[in-house]
Amino acid sequence: RYRGLTLVLTFLCYTSYHLSRKPISIVKSQLHPNCSALGPNPHNDSNSSTWCSWAPFDGDNYKELFGALDNAFLVAYAIGMFISGIFGERLPLRYYLSGGMVLSGLFTALFGLGYFWDIHVLWYFIVMQICNGLVQTTGWPSVVACVGNWFGKGKRGLIMGIWNSHTSVGNILGSLIAGVWVSSAWGLSFIVPGIIITAVGVICFFFLVEYPEDVGCSPPLHHVMTTNGKDPEAVTSNEGPLSTSGQSSTDHPERPKEAAGEPEAISFLGALRIPGVVEFSLCLLFAKLVSYTFLYWLPLYIVNVAHFGAKEAGDLSTLFDVGGILGGIFAGLISDYTGGRATTCCAMLILAAPVLFLYNHVGQNGIGTSIAMLIVCGALVNGPYALITTAVSADLGTHESLKGNAKALSTVTAIIDGTGSIGAALGPLLAGLISPTGWNNVFYMLIAADVLACLLLARVVVKEVRGWCGYMARKRGSSVQLTESVPDGK
């Protein structure tokens, strides 16, 4: 029951985080729309083609300014993420997470209030983006640490693949909510998501349970199976929650954490020494570069290339996130079955490169083709990104080299996602700089990033393949020995 509650609450929390990030990509096309399509300027007789744009985004450099807005958020997010994990290990997660959500709601709403306060200075919107980027770093390390505290490794890939759909669900809801007001009063496209994330933060404060031990439940076993081969997480008692010793919590009123003493939180360098952290972090840098370029620029790309309106482009862009949900679940399921997290990521990245090329060249040849290509692109681009930020981060944060120390989950998650956030900051910035030379060049940049992400996992993939080969060799050897031990005719 508590595990289900933890999944639901953390799902809602991070859904609201992404819900509040998405409006900026929808509103961009309204800050600098095609004014000539709206007819003559109703206010004067000038022939200005930008009379309906929102200053300071009414100049020819509007794409660079949009890139600056994206970069302000993402650079602050990337820098803050490395610090956030350290705080997350040392502060109560419930306070840290809910406080960050309330502040994020505040800064999101303040960005939208710029519309009603008639603010036309760039620095105001930049400052709001920086502040929001910093406080949003409280989210990911906290929710992954909470889920990792409650779930062992058994079916972690599938569970977290389904759970990670909060990212895409948040993007979809953010797009739809922002689309309601984008053409009438775009400020509400930020204010309403800001209110939503604040409300969810208050709910989180009152109901989130950080550790199983806090309510007398036994923690999951991350690396050990029970003697009868059953999943230890599935073992329950009809008499109530169990403590770590396997006896009822009434037999041991003192929490295991208090009895054994709180373990020290792992250091930053100590987390980097965990095998696989560096490789997956660098891979995520390039994988997240691709994902966040789509997150921030896909609606504008659809407007420019397919010539849809702002609302229609925002609605169509949600299909990329629908594909992301399917890709995350598929990646988790396959990696659980094969045990090869890196190999699964690498295979999807290899497939993503040609699909990106095809989407740019034939993706706008009809609405049916566009829908299909967006879903496939979303699955292949977001699948590895989802797997690394969830199941892989939880695996490495509970690595056997830590000897059961749970005070590494938040730090490891922050290192991996923080490194990835550098790519998330670079992607939209590069797209803003490259897009004036043509969208083809933007997609070539994304394809190159996919290839680099794949290459960075090569060492881990080789290790996994060798492990499979060794396992198969041992299995064949056991079969041969068994055959030789059976008498003839039996």
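Rolling a 1.4 Å probe over the protein chains gives residue 210 an accessible area of about 30 Å². 3J(HN,Hα) along segment 348-355: 5, 5, 5, 6, 5, 4, x, 5 Hz, from the Karplus curve 6.51 cos²θ - 1.76 cosθ + 1.60 with θ = phi - 60°, whole Hz, x for Gly and Pro. Positive contributions from Lys and Arg (+1) and negative ones from Asp and Glu (-1), summed over other residues with Cβ under 15 Å from the Cβ of residue 76, come out at -1. Of the peptides 66-78, 136-148, 347-359, the order by per-residue mean of other Cβ atoms within 10 Å, starting with the highest, comes out as 136-148, 66-78, 347-359. Ordering 277, 305, 340 by the projection of their Cα atoms onto the charge dipole of segment 270-343, which places +1 on the Cβ of Lys and Arg and -1 on the Cβ of Asp and Glu, puts 277 at the extreme positive end. Filter 288/311; 63/288; 22/63; 288/463 down to the pairs with a C-alpha to C-alpha distance above 19 Å, please. In this structure, 288/311; 63/288; 288/463 lie more than 19 Å apart at Cα. Rounded to the nearest Hz, the phi-derived 3J(HN,Hα) couplings of segment 434-443 under the Karplus curve 6.51 cos²θ - 1.76 cosθ + 1.60 (θ = phi - 60°) are 8, 4, x, 8, x, 5, 4, 5, 4, 5, where x marks glycine and proline. Scanning residues 5 or more positions from residue 218 or on other chains, those with amide H under 5 Å from its amide H are 242, with H placed 1.01 Å from N in the peptide plane. Highest mean first, the peptides 278-285, 416-423 sorted by other C-beta atoms within 10 Å per residue fall in the order 416-423, 278-285.
Could you tally the net charge around residue 424, taking each other residue with its Cβ under 10 Å from the Cβ of residue 424, Lys/Arg +1 and Asp/Glu -1? Its environment carries a net charge of -1.
Each of residue 357 and residue 304 was given a label point 7 Å from its Cα along the Cα-to-Cβ line. The distance between the two points is 2.2 nm. The modelled label-to-label distance for the pair residue 5/residue 205, using points 7 Å beyond Cα in the direction of Cβ, is 1.8 nm. So if R0 is 41 Å, what FRET efficiency would residue 122 and residue 474 give, r being the distance between their Cβ atoms, rounded to the nearest 0.05? With R0 = 41 Å, the Cβ-Cβ based efficiency is 0.05.
The values are calculated or read from the model by the stated rules, or taken from the named source; none is laboratory data. Just so you know, these numbers come straight off a predicted model, no measurement behind them. Virtual Cβ from ideal backbone geometry, glycine too; neighbours counted across all protein chains shown. Only protein heavy atoms, including side chains, enter the accessible area calculation; ligands, DNA and RNA are left aside. Shrake-Rupley method; radii C 1.70, N 1.55, O 1.52, S 1.80 Å.
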